[in-house]
Amino acid sequence: RIWSIHCPQEKQWYQRRVRGKKMEDTVNEICRIFDNYKHEGSGGQAAGEEAYFAKFLTSERLLTLQISDANFRRHILVQILSLFQYLTGDIKFKPNKMVLSEPRKYWIRDTTNTIYSILSETPPEGAKFVQHIKNVLKHEEKWSKWKNEGCPALSKPPDKTVTMKQKNTKRVVKAMDLSSDKYDMGNATLTNLWNICPDNLAACQNSDRNFTPETFKFFEDAIEQLEPESGVEKEYYLTNETAFVWKSLRLLARQSVPYFQHIQNTKNLTLTDNLQNIISLIGKEYKKENGMDTS
(Lines give C-alpha, C1' and ligand atoms only; values in the text may rest on other atoms or scores of the structure.)
Protein backbone atom coordinates (compact mmCIF):
# COMPACT_ATOMS: atom_id res chain seq x y z
CA ARG A 1 0.00 0.00 0.00
CA ILE A 2 2.83 2.40 0.79
CA TRP A 3 4.35 2.20 -2.68
CA SER A 4 0.98 2.36 -4.44
CA ILE A 5 0.60 6.10 -3.69
CA HIS A 6 3.93 7.08 -5.25
CA CYS A 7 2.72 7.26 -8.84
CA PRO A 8 -1.07 7.56 -8.83
CA GLN A 9 -2.92 9.19 -11.67
CA GLU A 10 -3.95 12.68 -10.69
CA LYS A 11 -7.54 12.24 -11.79
CA GLN A 12 -8.04 9.34 -9.37
CA TRP A 13 -8.20 11.79 -6.47
CA TYR A 14 -11.07 13.68 -8.08
CA GLN A 15 -13.18 10.57 -8.70
CA ARG A 16 -15.90 10.00 -6.13
CA ARG A 17 -16.28 6.29 -6.59
CA VAL A 18 -14.03 3.26 -6.37
CA ARG A 19 -10.63 4.68 -7.36
CA GLY A 20 -10.84 7.79 -5.19
CA LYS A 21 -12.04 5.77 -2.21
CA LYS A 22 -9.16 3.33 -2.76
CA MET A 23 -6.60 6.14 -2.48
CA GLU A 24 -8.24 7.34 0.73
CA ASP A 25 -8.11 3.86 2.22
CA THR A 26 -4.43 3.57 1.27
CA VAL A 27 -3.48 6.81 3.02
CA ASN A 28 -5.60 5.91 6.05
CA GLU A 29 -3.88 2.54 6.29
CA ILE A 30 -0.41 4.17 6.11
CA CYS A 31 -1.32 6.62 8.88
CA ARG A 32 -2.75 3.79 10.97
CA ILE A 33 0.45 1.73 10.63
CA PHE A 34 2.72 4.64 11.52
CA ASP A 35 0.48 5.69 14.39
CA ASN A 36 0.23 2.19 15.91
CA TYR A 37 3.88 1.32 15.36
CA LYS A 38 5.41 4.01 17.53
CA HIS A 39 8.94 5.02 16.70
CA GLU A 40 11.06 4.63 19.84
CA GLY A 41 13.87 7.05 19.19
CA SER A 42 16.60 8.47 21.40
CA GLY A 43 15.15 11.96 21.49
CA GLY A 44 17.95 14.44 21.04
CA GLN A 45 20.73 11.87 20.61
CA ALA A 46 22.81 11.56 17.47
CA ALA A 47 21.11 10.15 14.41
CA GLY A 48 23.94 7.64 13.99
CA GLU A 49 22.50 5.57 16.85
CA GLU A 50 19.11 5.28 15.11
CA ALA A 51 18.07 2.70 12.50
CA TYR A 52 18.90 4.22 9.14
CA PHE A 53 18.37 3.01 5.57
CA ALA A 54 20.19 4.88 2.81
CA LYS A 55 17.82 3.37 0.22
CA PHE A 56 14.14 2.56 0.60
CA LEU A 57 13.32 -0.90 -0.79
CA THR A 58 9.97 -2.42 -1.72
CA SER A 59 10.59 -5.83 -0.14
CA GLU A 60 7.84 -6.78 2.33
CA ARG A 61 10.39 -8.50 4.56
CA LEU A 62 12.34 -5.27 5.03
CA LEU A 63 9.30 -3.04 5.45
CA THR A 64 8.97 -3.75 9.18
CA LEU A 65 12.56 -2.65 9.71
CA GLN A 66 12.19 0.40 7.51
CA ILE A 67 9.22 1.59 9.55
CA SER A 68 11.69 2.02 12.44
CA ASP A 69 13.63 4.54 10.36
CA ALA A 70 12.54 8.13 11.11
CA ASN A 71 13.76 9.26 7.71
CA PHE A 72 11.54 6.67 6.01
CA ARG A 73 8.48 7.88 7.90
CA ARG A 74 9.21 11.50 7.10
CA HIS A 75 9.94 10.68 3.47
CA ILE A 76 6.51 9.09 2.97
CA LEU A 77 4.41 11.46 5.09
CA VAL A 78 5.93 14.66 3.70
CA GLN A 79 5.17 13.45 0.17
CA ILE A 80 1.53 12.97 1.20
CA LEU A 81 1.41 16.50 2.66
CA SER A 82 2.86 17.93 -0.55
CA LEU A 83 0.27 16.01 -2.58
CA PHE A 84 -2.57 17.27 -0.38
CA GLN A 85 -1.46 20.86 -0.86
CA TYR A 86 -1.49 20.41 -4.62
CA LEU A 87 -4.95 18.82 -4.59
CA THR A 88 -6.49 21.59 -2.46
CA GLY A 89 -4.50 24.47 -3.91
CA ASP A 90 -5.55 26.90 -6.61
CA ILE A 91 -3.38 25.89 -9.56
CA LYS A 92 -3.71 27.91 -12.75
CA PHE A 93 -2.90 25.06 -15.12
CA LYS A 94 -5.18 22.52 -13.41
CA PRO A 95 -8.23 21.57 -15.54
CA ASN A 96 -11.47 23.14 -14.35
CA LYS A 97 -13.21 19.78 -14.06
CA MET A 98 -10.74 18.58 -11.44
CA VAL A 99 -12.52 19.80 -8.32
CA LEU A 100 -12.52 17.93 -5.02
CA SER A 101 -15.78 17.01 -3.41
CA GLU A 102 -16.61 18.54 -0.03
CA PRO A 103 -16.29 15.21 1.87
CA ARG A 104 -12.83 14.69 0.37
CA LYS A 105 -11.75 18.19 1.37
CA TYR A 106 -12.77 17.46 4.95
CA TRP A 107 -10.97 14.14 4.81
CA ILE A 108 -7.75 15.81 3.56
CA ARG A 109 -7.97 18.38 6.36
CA ASP A 110 -8.38 15.71 9.06
CA THR A 111 -5.68 13.47 7.56
CA THR A 112 -3.27 16.41 7.40
CA ASN A 113 -3.69 16.99 11.13
CA THR A 114 -3.13 13.28 11.75
CA ILE A 115 0.10 13.31 9.72
CA TYR A 116 1.39 16.36 11.59
CA SER A 117 0.63 14.58 14.86
CA ILE A 118 2.59 11.47 13.75
CA LEU A 119 5.53 13.58 12.59
CA SER A 120 5.65 15.56 15.83
CA GLU A 121 5.88 12.29 17.78
CA THR A 122 8.70 11.00 15.56
CA PRO A 123 12.14 11.74 17.08
CA PRO A 124 14.54 13.40 16.84
CA GLU A 125 13.03 16.89 17.31
CA GLY A 126 9.66 15.99 15.82
CA ALA A 127 7.92 19.26 16.73
CA LYS A 128 10.74 21.29 15.22
CA PHE A 129 10.64 19.22 12.02
CA VAL A 130 6.87 19.81 11.71
CA GLN A 131 7.38 23.56 12.02
CA HIS A 132 9.98 23.49 9.24
CA ILE A 133 7.67 21.50 6.96
CA LYS A 134 4.82 23.95 7.55
CA ASN A 135 7.10 26.83 6.63
CA VAL A 136 8.24 25.07 3.45
CA LEU A 137 4.66 24.34 2.37
CA LYS A 138 3.68 27.92 3.14
CA HIS A 139 6.43 29.25 0.88
CA GLU A 140 5.39 26.73 -1.78
CA GLU A 141 1.83 28.08 -1.61
CA LYS A 142 3.08 31.65 -2.06
CA TRP A 143 5.20 30.55 -5.01
CA SER A 144 2.20 28.90 -6.68
CA LYS A 145 0.13 32.03 -6.13
CA TRP A 146 2.90 34.13 -7.71
CA LYS A 147 2.90 31.86 -10.79
CA ASN A 148 -0.90 32.01 -11.03
CA GLU A 149 -0.69 35.81 -11.16
CA GLY A 150 1.65 35.65 -14.16
CA CYS A 151 4.97 36.02 -12.30
CA PRO A 152 4.76 39.77 -11.59
CA ALA A 153 7.86 41.74 -10.64
CA LEU A 154 8.78 41.30 -7.00
CA SER A 155 10.21 44.81 -6.62
CA LYS A 156 7.66 47.50 -5.82
CA PRO A 157 7.69 50.77 -7.81
CA PRO A 158 8.86 53.80 -5.84
CA ASP A 159 6.24 55.90 -4.10
CA LYS A 160 5.88 59.09 -6.18
CA THR A 161 4.67 61.18 -3.25
CA VAL A 162 7.77 60.31 -1.20
CA THR A 163 10.03 60.96 -4.21
CA MET A 164 8.48 64.42 -4.77
CA LYS A 165 8.92 65.28 -1.08
CA GLN A 166 12.56 64.32 -1.26
CA LYS A 167 13.08 66.50 -4.33
CA ASN A 168 11.35 69.50 -2.76
CA THR A 169 13.25 69.17 0.52
CA LYS A 170 16.28 71.41 0.48
CA ARG A 171 19.37 70.39 2.33
CA VAL A 172 20.28 72.77 5.10
CA VAL A 173 24.00 73.56 4.92
CA LYS A 174 25.52 75.04 8.04
CA ALA A 175 27.70 78.02 7.24
CA MET A 176 31.29 77.82 8.47
CA ASP A 177 32.34 80.46 10.95
CA LEU A 178 35.42 81.93 9.25
CA SER A 179 36.12 84.22 12.23
CA SER A 180 36.89 81.22 14.43
CA ASP A 181 40.23 79.38 14.39
CA LYS A 182 38.42 76.06 14.82
CA TYR A 183 37.03 74.29 11.78
CA ASP A 184 33.66 72.55 12.07
CA MET A 185 33.71 69.52 9.76
CA GLY A 186 30.17 68.41 10.63
CA ASN A 187 31.41 65.36 12.51
CA ALA A 188 32.88 65.30 16.00
CA THR A 189 35.71 62.90 15.08
CA LEU A 190 36.66 64.76 11.89
CA THR A 191 36.44 68.12 13.67
CA ASN A 192 38.78 66.93 16.43
CA LEU A 193 41.21 65.42 13.89
CA TRP A 194 41.21 68.52 11.68
CA ASN A 195 41.91 70.88 14.58
CA ILE A 196 44.83 68.98 16.16
CA CYS A 197 47.20 71.41 14.43
CA PRO A 198 45.95 74.74 13.06
CA ASP A 199 48.68 74.86 10.40
CA ASN A 200 48.53 71.83 8.08
CA LEU A 201 51.89 72.56 6.45
CA ALA A 202 53.60 72.76 9.83
CA ALA A 203 51.98 69.45 10.81
CA CYS A 204 53.35 67.78 7.68
CA GLN A 205 56.85 69.15 8.34
CA ASN A 206 56.87 68.04 11.96
CA SER A 207 59.88 65.87 12.79
CA ASP A 208 57.62 63.39 14.57
CA ARG A 209 56.13 62.49 11.19
CA ASN A 210 59.49 61.61 9.68
CA PHE A 211 59.62 57.82 9.76
CA THR A 212 62.54 57.41 7.35
CA PRO A 213 65.48 55.72 9.17
CA GLU A 214 69.01 57.05 9.06
CA THR A 215 71.11 55.52 6.32
CA PHE A 216 73.81 54.00 8.55
CA LYS A 217 71.30 52.73 11.13
CA PHE A 218 69.37 50.93 8.41
CA PHE A 219 72.49 49.31 6.88
CA GLU A 220 74.30 48.68 10.16
CA ASP A 221 73.58 44.92 10.23
CA ALA A 222 74.36 44.52 6.53
CA ILE A 223 77.68 46.39 6.97
CA GLU A 224 78.61 44.08 9.83
CA GLN A 225 77.81 41.01 7.71
CA LEU A 226 80.05 42.18 4.86
CA GLU A 227 83.09 42.49 7.11
CA PRO A 228 85.44 39.48 6.77
CA GLU A 229 85.78 39.21 10.57
CA SER A 230 82.06 38.51 10.97
CA GLY A 231 82.33 35.05 9.45
CA VAL A 232 78.82 35.24 7.94
CA GLU A 233 78.38 33.10 4.84
CA LYS A 234 77.18 34.86 1.67
CA GLU A 235 73.95 32.86 1.46
CA TYR A 236 72.81 34.45 4.74
CA TYR A 237 73.45 38.07 3.67
CA LEU A 238 70.54 40.49 4.02
CA THR A 239 71.22 41.59 0.47
CA ASN A 240 69.87 38.24 -0.74
CA GLU A 241 66.41 39.14 0.55
CA THR A 242 64.17 40.78 -2.05
CA ALA A 243 62.34 42.92 0.51
CA PHE A 244 65.58 44.25 1.97
CA VAL A 245 66.93 45.14 -1.51
CA TRP A 246 63.72 47.00 -2.36
CA LYS A 247 63.75 48.96 0.93
CA SER A 248 67.45 49.74 0.46
CA LEU A 249 66.95 51.20 -3.02
CA ARG A 250 63.98 53.25 -1.79
CA LEU A 251 66.08 54.66 1.06
CA LEU A 252 69.07 55.43 -1.17
CA ALA A 253 66.82 57.17 -3.70
CA ARG A 254 65.42 59.35 -0.91
CA GLN A 255 68.55 60.22 1.05
CA SER A 256 71.65 59.18 -0.89
CA VAL A 257 71.09 59.81 -4.58
CA PRO A 258 74.85 60.01 -5.49
CA TYR A 259 75.23 56.32 -4.77
CA PHE A 260 73.10 55.52 -7.83
CA GLN A 261 75.94 56.85 -10.00
CA HIS A 262 78.03 54.01 -8.68
CA ILE A 263 75.45 51.55 -10.03
CA GLN A 264 75.52 53.19 -13.45
CA ASN A 265 79.31 52.83 -13.60
CA THR A 266 79.18 49.10 -12.79
CA LYS A 267 76.47 47.81 -15.11
CA ASN A 268 78.27 44.50 -15.53
CA LEU A 269 77.53 43.58 -11.90
CA THR A 270 74.24 42.24 -10.56
CA LEU A 271 71.96 44.41 -8.45
CA THR A 272 72.90 42.45 -5.33
CA ASP A 273 76.64 42.93 -5.95
CA ASN A 274 76.13 46.65 -6.59
CA LEU A 275 74.15 47.01 -3.37
CA GLN A 276 76.85 45.20 -1.40
CA ASN A 277 79.49 47.60 -2.80
CA ILE A 278 77.34 50.62 -1.87
CA ILE A 279 76.82 49.27 1.65
CA SER A 280 80.58 48.79 2.03
CA LEU A 281 81.17 52.40 0.91
CA ILE A 282 78.59 53.66 3.40
CA GLY A 283 80.35 51.75 6.18
CA LYS A 284 83.77 53.13 5.25
CA GLU A 285 82.48 56.72 5.01
CA TYR A 286 80.75 56.46 8.37
CA LYS A 287 83.92 55.20 10.06
CA LYS A 288 85.99 57.92 8.37
CA GLU A 289 83.60 60.67 9.47
CA ASN A 290 83.61 59.39 13.06
CA GLY A 291 87.39 58.88 13.23
CA MET A 292 87.17 55.13 13.40
CA ASP A 293 89.84 52.74 12.07
CA THR A 294 89.12 51.96 8.39
CA SER A 295 92.12 49.74 7.73
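The values are calculated or read from the model by the stated rules, or taken from the named source; none is laboratory data. If you're wondering where the values come from, they're calculated on a predicted model, not measured in any experiment. A quick note on method: Cβ atoms are made from the backbone with ideal geometry, for glycine too, and the neighbour counts reach across all protein chains shown. The accessibility values were calculated without ligands, DNA or RNA, using every heavy atom of the protein model including side chains. Shrake-Rupley method; radii C 1.70, N 1.55, O 1.52, S 1.80 Å.
P(r) for the range 188-285: what percent of alpha-carbon pairs falls in each 10 Å bin, starting at zero?
Whole-percent P(r) values from 0 Å outward: 13, 38, 22, 13, 11, 3.
Work out how much length Arg254 to Thr272 would gain on full extension: take 0.36 nm times their residue separation and subtract the Cα-Cα distance, in nm to one decimal.
4.6 nm
Determine the per residue accessible area of the range 188-257 with all protein chains present and a 1.4 angstrom probe, expressed in square angstrom.
For the range 188-257, the per-residue accessible area is 78 Å².
For Ile67 paired with Asn210, estimate the spin-label separation in nm (one decimal), with each label point 7 Å from Cα along the Cα-to-Cβ line.
9.2
Could you go through the range 242-256 in sequence order and give the Karplus-derived ³J(HN,Hα) for each residue, using 6.51 cos²θ - 1.76 cosθ + 1.60 with θ = phi - 60°, rounded to whole Hz, and x for Gly and Pro?
Coupling constants for the range 242-256: 4, 5, 5, 4, 5, 5, 5, 5, 5, 5, 5, 5, 8, 10, 9 Hz.
For the range 177-231, which whole-number percentage of the solvent-accessible area (1.4 Å probe, protein heavy atoms only) is attributable to carbon and sulfur atoms?
51
Provide the packing ranking of 184-196, 203-215, 25-37, i.e. peptides ordered by the mean count of other C-beta atoms within 10 Å per residue, highest first.
For the peptides 184-196, 203-215, 25-37, the packing ranking is 25-37, 184-196, 203-215.
Could you work out the local net charge near Glu235, counting Lys and Arg as +1, Asp and Glu as -1, over the other residues with Cβ closer than 15 Å to its Cβ?
-2
Report the label-to-label distance for Ser155 and Ser230 in nanometres (one decimal), using points 7 Å from each Cα along the Cα→Cβ vector.
6.4
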